[in-house]
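**Student:** This is the structure I want to talk about, given as structure tokens.
The values are calculated or read from the model by the stated rules, or taken from the named source; none is laboratory data. Please read these numbers as outputs of a predicted model, since none were measured by experiment. In this analysis, Cβ positions are derived from the backbone assuming ideal geometry, glycine residues included, and neighbour counts consider all displayed protein chains. With ligands, DNA and RNA removed, areas are computed over all heavy atoms of the protein, side chains included. Shrake-Rupley method; radii C 1.70, N 1.55, O 1.52, S 1.80 Å.
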Amino acid sequence: MTAAGALLVGGTSSDAGKSLIVAGLCRALARDGVRVAPFKAQNMSNNSALTLDGGEIGRAQALQATACGLLPDTRFNPVLLKPGSDRRSHVIVRGRPYGDVGAVDYHARRAELADVVAAELSSLRDEFDVVICEGAGSVAEVNLRATDIANMGLARAAHIPVLVVTDIDRGGSLAHLFGTLALLEPADQALIAGFVVNKFRGDPSLLAPGLDTIRERTGRPTLGVLPFADDLWIDAEDSLASPVGRRVGGRTAYSGGPRLAVAAIRLPRTSNTTDVEALACEPDVDVTWVDDPSSVRAADLVVLPGSRASVDDLDWLRERGLADAVVERAQSGRPVLGVCGGFQMLSRRIVDSVESGRGAVDGLGLLDVDIEFRTAKTLRRFSGHSRKSVGAGSAAVSGYEIHHGVAVRNGERTWLVDDETGPEGARSGVVAGTHCHGLFEADDFRRDYLLDVARAVGKDAFAPAPGLSTRAVRERQLDAMADLVTTHLDMRAVHRLLAGGAGSMPTVLSWLSGDRTSDHRP
């Protein structure tokens with residue numbers, strides 16, 4: 001079978017826009033009837049999702065799968081690194097725990113992981129018409145080039161042409177593009193087909209002379225200038241997209257009624273930041289990442305999100321005075337929510353010999369729950385129901401669990417019930433916690449919970465948006481990404497690269513150097 005067309009979207013840095021462009025290309029090709037799949041050989045992110053068979057992949061690759069009309073598959077992200085400290089990461093290979101390793105140890109294992117990456121990419125290319133690959137960090141990390149499996153090492157091994165993306169909103173993009181190409185060895189340079197400028201504000205004509213200079217000095221054209229689009233925010237790749245003070249969500253039409261202020265505490269090792277995005281879909285809910293006690297005290301709802309290092313992040317809460325602020329607000333009847341690691345922090349006691357190795361430590365004591373960390377990791381999908389916060393009956397919920405900590409004793413009222421395994425989570429008055437991610441994407445459950453929060457803070461007139469679907473919001477976001485890419489990227493050039501592969505690079509570069517329009521579109 002002939003290998004499928006493939007393209008690697010690399011970057012001059014982390015968070016340059018690679019994930020967005022891959023998702024946009026995947027959706028655009030899928031809308032045209034192309035059987036397309038995403039691929040990121042190695043991802044470093046604490047935002048993850050589960051596949052149907054219980055494997056763990058990066059959240060961005062799960063979103064890209066949705067863009068393709070596919071269910072998440074461990075092949076889409078065969079190696080996932082979840083940093084627990086500055087020096088060690090939890091490694092996931094083919095969706096399953098591989099162990100905790102330091103940077104030096106990890107690089108020593110790259111040969112084995114390279115075989116895994118090659119096999120998974122080959123499998124996808126045998127099954128799909130096109131595979132859109134995403135690089136990791138910068139393609140010019142020459143200090144790591146000898147063992148690279150995600151950027152130019154992957155492109156060379158699989159004979160894939162590369163587009164290099166830069167975030168011009170950070171400044172210095174022209175130097176980044178020139179320097180990135182200049183640092184690469186000639187065989188790697190030969191695979192760079194062109195550049196993409198992301199997050200441009202202003203008149204493109206002002207940028208054109210700089211792009212002309214880059215073309216003259218590198219022999220590579222800029223195949224697109226994407227404008228700044230601050231309304232694209234669903235399923236962030238990692239915590240870089242969740243800075244303190246940033247309001248989560250895009251522009252929404254307010255109803256004019258009471259609004260709820262949600263403070264999501266930005267932990268040092270925050271994981272699955274996407275949990276609060278479903279709350280931010282609501283027009284009258286403002287979600288902001290915070291790290292100070294005053295914001296915690298002022299909010300209507302405080303969310304303690306997941307953490308890759310629950311005990312260490314609990315220490316951080318105490319050091320900054322945030323723990324006292326959380327306890328004070330709960331004792332005064334103001335709602336607090338903990339998800340996964342955040343749930344563990346709300347407990348009475350944590351016994352952790354797995355992540356931190358600290359043994360028994362005191363939690364915040366807001367829930368009469370005891371947590372013990374187990375060596376075996378819980379990876380499972382959740383489907384069940386919850387007792388409604390407002391009215392009678394129950395609300396359907398679904399989500400997924402990724403955690404080492406287990407609630408070995410629960411003296412509180414059960415909050416959720418899984419259809420197969422039974423009780424999950426705990427609730428005591430205005431304080432609630434669960435190990436389950438993704439709950440608030442269940443629209444009825446989210447609305448019920450927000451109504452309960454509003455009543456607790458005296459905002460009885462608050463009303464969630466009727467009929468709002470987080471699934472529909474996500475689909476609209478993906479279509480917007482596709483529209484952005486197809487409007488501002490040279491799709492004729494992209495199709496030529498996909499059709500010809502790395503072997504067509506001299507021909508494609510010659511074609512690109514011909515008579516092209518000033519805005520880099522055919």
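**Student:** Just to compare against my own numbers: the Cα pair-distance distribution for segment 404-494, 5 Å bins, whole % per bin, please.
**Tutor:** Bins of 5 Å from zero give 3, 10, 14, 16, 14, 13, 9, 7, 6, 5, 3, 1, 0 percent of pairs.
**Student:** May I pose another question? Amide H neighbours of VAL287 under 5 Å, at least 5 residues apart or on other chains, H built in the peptide plane: list them.
**Tutor:** Answer set, sorted by chain and number: VAL248, VAL262.
**Student:** What Kirkwood Rh does segment 89-225 have if only Cα atoms enter the pairwise 1/r average? Answer in Å.
**Tutor:** 16.8
**Student:** Out of all DSSP beta bridges with both ends in the chain, state the antiparallel percent to the nearest 5.
**Tutor:** Rounded to the nearest five, the antiparallel share is 55 percent.
**Student:** For segment 342-420, what log10 I(q)/I(0) values come out of the Debye formula at q = 0.26 1/Å, with one point per alpha carbon and no solvent?
**Tutor:** For the requested q values the scattering log ratios are -1.22.
**Student:** Among PHE195, GLY342, LEU416, flag the residue with its Cα farthest along the positive direction of the charge dipole of the chain, charges on Cβ as +1 for Lys/Arg and -1 for Asp/Glu.
**Tutor:** Value: PHE195.
**Student:** For segment 266-393, just run the numbers: alpha carbon Rg, then divide by 2.2 N^0.38 Å, N being how many residues it has.
**Tutor:** 1.09
**Student:** Mind sorting out which of [x] 146; [y] 179; [z] 275 is the real volume of the Cα convex hull per residue in Å³ computed from the coordinates?
**Tutor:** [x]
**Student:** Right, another one. So if I take the centroid of the Cα atoms in segment 150-198 and the same for segment 332-376, what is the distance between those two points in Å?
**Tutor:** Value for the Cα centre distance between the two parts: 44 Å.
**Student:** Still on this structure, please answer the following. Treating the angle as unsigned and between 0 and 90°, give the value, to the nearest 10°, between the Cα long axis of helix 59-68 and the longest Cα principal axis of the chain.
**Tutor:** Long axis of 59-68 versus the principal axis of the chain: about 60 degrees.
**Student:** Compute the helix-to-body angle for 204-218: its Cα long axis versus the longest principal axis of the chain, expressed 0 to 90° and rounded to tens.
**Tutor:** 60
**Student:** Label SER205 and SER394 with points 7 Å out from Cα along Cα→Cβ: what is the distance between them in nm?
**Tutor:** Result for the modelled spin labels: 6.4 nm.
**Student:** For segment 310-317, just list the computed ³J(HN,Hα) in residue order, Karplus coefficients 6.51, -1.76 and 1.60, θ = phi - 60°, integers in Hz, with x standing in for Gly and Pro.
**Tutor:** Working through the residues one at a time gives 4, 5, 5, 5, 5, 4, 4, 4 Hz.
**Student:** Per the helix-only calculation at 222 nm, which mean residue ellipticity applies to the chain, given -39500 (n - 2.57) for every DSSP H run of n ≥ 4 and division by its residues, nearest 500 deg cm²/dmol?
**Tutor:** So the calculated ellipticity at 222 nm is -9500 deg cm²/dmol.
**Student:** State to the nearest 20 debye the size of the charge dipole of segment 107-149 about its Cα centre, where the only charges are +1 on K and R beta carbons and -1 on D and E beta carbons.
**Tutor:** For this selection, approximately 260 debye.
**Student:** Mind giving me the nanometre distance, one decimal, between the label points for SER123 and ASP105, set 7 Å out from Cα along Cα→Cβ?
**Tutor:** Using points 7 Å along Cα→Cβ, the separation is 2.6 nm.
**Student:** Using the charge dipole of the chain (Lys, Arg: +1 at Cβ; Asp, Glu: -1 at Cβ; taken about the Cα centre), state which of LEU367, ALA158, ALA263 has its Cα farthest towards the positive end.
**Tutor:** The one lying farthest along the dipole's positive direction is ALA158.
**Student:** Enter the angle in degrees (range 0 to 90, nearest 10) between the Cα long axis of helix 110-127 and the first principal axis of the Cα atoms of the chain, meaning the one along which they spread out most.
**Tutor:** Relative to the chain, helix 110-127 is tipped by roughly 80 degrees.
**Student:** Can I ask one more? Taking the Cα centre of the chain as the origin and placing charges on Cβ (Lys, Arg +1; Asp, Glu -1), which of GLY357, LEU223, ALA28 is farthest toward the positive end of the dipole?
**Tutor:** Value: LEU223.
**Student:** With +1 on each Lys and Arg Cβ and -1 on each Asp and Glu Cβ, and nothing else charged, work out how big the dipole of the chain is about its Cα centre, in Debye to the nearest 20.
**Tutor:** Taking the Cα centre of the chain as origin, the dipole is about 180 debye.
**Student:** While we're here: Probe radius 1.4 Å, ligands and nucleic acids ignored: give me the carbon and sulfur share of the accessible area of the chain as a rounded percent.
**Tutor:** Answer for the chain is 50 percent, counting heavy atoms of protein chains only.
**Student:** Let me ask you something else. R0 = 22 Å: FRET efficiency of ASP444 with ALA261, Cβ-based, nearest 0.05?
**Tutor:** 0.45
**Student:** Moving on. Leaving out ligands and nucleic acids, note down the accessible area per residue over segment 427-508 with a 1.4 angstrom probe, in whole Å².
**Tutor:** Computed with neighbouring chains in place, this is 39 Å² per residue.
**Student:** Step through the table entries LYS40/LYS377; LYS18/LYS459; LYS377/LYS459, compare each Cα-Cα distance with 32 Å, and write down the pairs that go over it.
**Tutor:** Listed pairs above 32 Å: LYS18/LYS459; LYS377/LYS459.
**Student:** In Å², what does the accessible area per residue of segment 167-234 work out to with a 1.4 Å probe?
**Tutor:** That works out to 45 Å² per residue.
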